[in-house]
1. For the chain, rounded, prolate or oblate, judged on the Cα gyration tensor with a ≥ b ≥ c (square roots of eigenvalues), a/c < 1.5 rounded, else prolate if a/b > b/c?
2. Please give the charge dipole size of the range 222-346, origin at the Cα centre, charges +1 on K and R Cβ atoms and -1 on D and E Cβ atoms. Round to the nearest 20 debye.
3. Which whole-number percent gives the relative contact order of the range 75-218, counting Cα pairs below 8 Å spaced six or more residues apart?
4. In whole Hz, what ³J(HN,Hα) sequence does the range 314-330 give by Karplus (6.51, -1.76, 1.60; θ = phi - 60°), x for Gly and Pro?
5. Considering Cα pairs under 8 angstrom that are at least six residues apart, work out the relative contact order of the chain and quote it in whole percent.
6. Run the numbers on the range 222-346 and let me know its relative contact order in percent, using alpha-carbon pairs under 8 Å that are six or more apart.
7. Tell me, how many Å apart are the Cα centres for the range 81-156 and for the range 294-332?
8. Once you put a point 7 Å from the Cα of L227 and another 7 Å from the Cα of F21, both along the Cβ direction, what distance in nm separates them?
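All of the numbers you see were taken from the coordinates with simple rules; none came from a lab. This is a predicted model, so every value here is computed, not measured. Cβ placement follows ideal geometry from the backbone for every residue including glycine, while neighbour counts extend to all protein chains displayed.
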Amino acid sequence: MNLNGIKEIVPHIFFCLIALFVLMPLGTSGYLFSLDLAPYARDVKAVGISFSQYGTSVPYMPFALLRFVLPDYVVQRVFLFVCLYLAGISAYYLSPKGIAGYYAGILYAVNPFTYVRIVAGQWGLLLPYSLLPLSLLLLNRAIEKKSYKTGAVFSLLSCVIAGNSHMLFLGSILWTLLVIISAFKGLKLNINPIKVGVFCALVSFLLNFYWIMPAVSSPGVVETVTLADLAEFAPKSKYPIYLALAGMYGFWRPYATAESFAGWPILLFIMLFISVYGAVSRWRDEKIGSTVKAVAIAGIIGFILSLSIWFAPSAWILSQGIMRGMRDSHKFVVLLALAYSYLGAIG
C-alpha cells in the first residue's frame with residue numbers, strides 16, 4: 001500500500017477509535033435500557049430502530065437483520081458505533097483535510113446533542129444525523145460539476161436520512177439554502193444549480209414515494225399539537241436558555257441527563273469565536289462560499305427556532321402547519337452542530 005492509501009485510511013481508523021472510546025463506558029455486554037428504549041425491550045425498537053407505519057425505517061433494515069445472528073445487546077452497540085463513526089467521517093470529508101477535518105469530525109460526532117439523544121434512547125435520529133454533512137458535500141459537488149449522476153447518489157442518501165422525518169426536514173432546509181445561494185452566486189441568476197436541485201428533489205421524491213404517499217393520505221398527529229405541547233417539549237435548562245442552546249444543551253427533559261461539565265461556557269466561547277471567524281473570513285470564497293453561507297444561515301435558523309416558546313416569533317412559527325411536527329425544538333440544534341463543526345474547521 002502506498003503513502004496516499006495509508007493517508008486515506010487513517011481518518012477512518014481515527015473515527016472508529018473515537019466511536020469505540022465514546023462507547024467504552026457501555027461495556028461489551030448487557031442490554032442497554034435508555035429512557036425511550038426501555039418500553040421496547042426484546043423488540044426491534046430496542047436497537048435504535050423505530051419502525052413507522054409509513055415504512056420510513058427501510059434504511060434500518062440491515063440492523064434489524066443482524067438480530068437474527070447476533071444478540072440484541074451486540075446489535076445495539078454496533079448501531080451506535082456505526083452512527084458515531086459515520087458522523088465523524090462525513091463531517092471530516094465535508095471540511096478541509098488535516099487537523100481541521102479532525103476537529104469537525106470530533107465536534108460533530110461527540111457533542112451535547114448526540115450525548116443526550118443516546119441517553120434519552122432516541123437513537124433513530126442518529127443515523128440520519130450522521131449523514132447530513134455527507135449529503136451536503138454530494139449536493140455541492142453535483143451543483144459545481146453539473147453532475148446528475150452525483151445528484152442521483154445524493155438522492156439515494158436522502159432515503160437514509162428520510163429514516164427520520166425530523167432529520168429529513170432539517171436536511172431540506174440546508175439543501176434548499178445551498179441551491180438558492182448557489183443559483184444567485186455573484187448576484188446573477190445561474191439556472192444550473194436550480195436544475196440540479198429540481199432533479200435531486202424529483203428523484204428523492206420518487207425514491208421516497210413508498211412512504212410519502214401513505215403519510216400524506218393518512219390522518220396526521222401534527223394537527224393535535226398545541227401551544228401546551230410546545231411548552232411541554234420546549235428546551236429547559238438551569239442556565240439562561242439562550243446560552244444553553246448555543247452550547248447545544250437544553251433538552252426538554254433535563255432531569256434525565258447530566259446537562260453540562262465545568263467550564264463548558266469557556267469552550268462555547270472558543271467554539272463560537274472560531275466558527276464566526278471561519279464564516280466571516282470565507283464568506284466570499286469563490287470555491288466554498290456557497291457552502292459557508294448555507295451552513296451559517298442554517299445554523300442561525302436552527303438556533304432561533306430551537307428557542308421555541310422562549311422567543312415569540314419562534315413559538316408562532318412552530319405552531320403553524322407541519323412545523324408543529326417539530327415540537328421538540330431542541331432537534332434544531334442539529335443545524336447549529338453542523339455550523340460549529342464546519343465553520344470552525346475552516347476558521
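1. rounded
2. 180 debye
3. After rounding, I find 20 percent.
4. Per residue, the Karplus-derived 3J(HN,Hα) values read 5, 4, 5, 4, 6, 9, 9, x, 5, 4, 5, x, 9, 4, 7, 5, 4 Hz.
5. 19 percent
6. 39 percent
7. Taking the Cα centre of the range 294-332 as reference, the centre of the range 81-156 is 21 Å away.
8. 4.7 nm
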